[in-house]
Amino acid sequence: MHAALLKKSKTPLELVEIPIPRPSSNELLVKVLYCGVCRTDLHIQQGELIAPRYPLVLGHEIVGVVEEVGSEVRGFQKGDGIGIPWLHRTCGHCEFCQRNQENLCENALFTGFHVPGGFAEYTTCRADFAISLPLSLLKKETAPFLCAGLIGYRSYKKAAPEQTLALYGFGAAAHIIAQVALQEKKEVFAFTKEGDSASQKFALSLGVNWAGGIQSKAPKLCDAAILFAPVGSLVPLALKAMKKGGRCICGGIHMSDIPSFPYEDLWGEKRIESVANLTREDGASFFRILPSFSIHSQVTVYPLKDVNNALEDLKKGSVQGALVLSIGSG
């Protein structure tokens, strides 16, 4: 099968031919139709997150079809639609798993980081961590939901019950969650890079109440802020933009250092909180609520052979919405 391999960090991915993987007894073999290109993939490729082993097949926003079912798997059959997210497996017995915090599992394995991901024609996954998808969702627009949507929704729930929400960085996750918030009658302010008029226009086209640069002043203080841009210097700015009791949610797996700031900017029972990974319930709950909303994920599609162009465009921020590889859709 064709696959894009990261042989070591800070190098381009290489297109190679490798054997189709074989599923174990509790796994599924999946024919990959689409795979989103997530900022986490970029962090791994850039060496900001060091994978346990190389070479590695990146990709954890996978939309596909079940090709083969392991002998112990129940609930899936060949031809079923399937989504594969970041969380590949947890141990089930550490202190975090025991208290229903499997996203913090000490021994978790992650798709496209510890195990091969979706930048390939086929991959395998644990059946009990996969998300069943109706055939109507086997499309390119679904791929960003598998991480940008899930992490965005977990971040959004942590920010609740906000009425006025600030989003810093208006990429894949923000453009999905902005639509959820707006349809729940929230006010949404979008903060982008200074001078990034394209992202501001994109945000306004989705209906946000205001859009401007990160140094700009929004029409009023917000109840909560979600930081999707991996820039630590945004934290002090978000604290200044929030009311007392506000919540600053850091939605990324990697962020540059947070600079010092005056205690008075935190005072008033404001809170800074990170989001780590996701749980299976995050996936189930997000896909349960999805039919209740009219959410359009804007995607730019690349063939697998152009994966390095996709990563470069993601790095430059030159594409609005989400980036998706089309792999086995044709």
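Throughout, read-outs are computed from the coordinates displayed, never taken from laboratory work. Here the structure is a predicted model, which is why all the values come from computation and not from measurement. Glycine also receives a Cβ, built like all others from the backbone with ideal geometry; neighbour counts cover every protein chain displayed.
Could we say that residue 300 is surrounded by 16 or more Cβ atoms within 10 Å (Cβ to Cβ) and more than 27 Å from residue 207 (Cβ to Cβ) here? Judged against the criteria, residue 300 is not a match.
Only residues that are under 22 Å from residue 154 (Cα atoms) and crowded, with 19+ Cβ neighbours inside 10 Å were counted across the stretch 179-208, and they come to 13. Per the conditions (1) on the phi > 0 side of the Ramachandran plot; (2) in contact with a Ser or Thr (Cβ under 7 Å, 6 or more places away or on another chain), the sole criterion not satisfied by residue 195 is (2). Of the residues that make up the stretch 81-100, is at least one among the charged types (D, E, K, R), in contact (Cβ under 8 Å) with a residue 40 or more places away in the chain and out of contact with any Lys or Arg (no Cβ under 6 Å at 6 or more places or on another chain)? No, the conditions are met nowhere in the stretch 81-100. The set of residues in the stretch 7-44 that are of a type outside the set (Lys, Arg), outside any strand (DSSP E or B), more than 20 Å from residue 278 (Cβ to Cβ) and in contact with a Ser or Thr (Cβ under 8 Å, 6 or more places away or on another chain) comprises 21, 23, 24, 25. Is one or more of the residues making up the stretch 276-291 among the small types (Gly, Ala, Ser) and without any contact (Cβ under 8 Å) to a residue 60 or more places away in the chain? Looking through the stretch 276-291, none of the residues is among the small types (Gly, Ala, Ser) and without any contact (Cβ under 8 Å) to a residue 60 or more places away in the chain.
Within the stretch 190-210, residues that are without any contact (Cβ under 8 Å) to a residue 60 or more places away in the chain have Cβ atoms under 6 Å from residues that are assigned to a helix (DSSP H, G or I) and surrounded by 21 or more Cβ atoms within 10 Å (Cβ to Cβ) in these pairs: 190/203; 192/199; 192/200; 206/178; 208/178, counting only partners at least 6 apart in sequence or on another chain. Within the stretch 152-187, the residues that satisfy the criterion of being under 20 Å from the mean Cα position of the chain (by Cα) and not in a helix (DSSP H, G or I) are 160, 165, 166, 167, 168, 169, 170, 171. The number of residues in the stretch 146-163 being crowded, with 23+ Cβ neighbours inside 10 Å and of a type in the set (S, T, N, Q) comes to 1.
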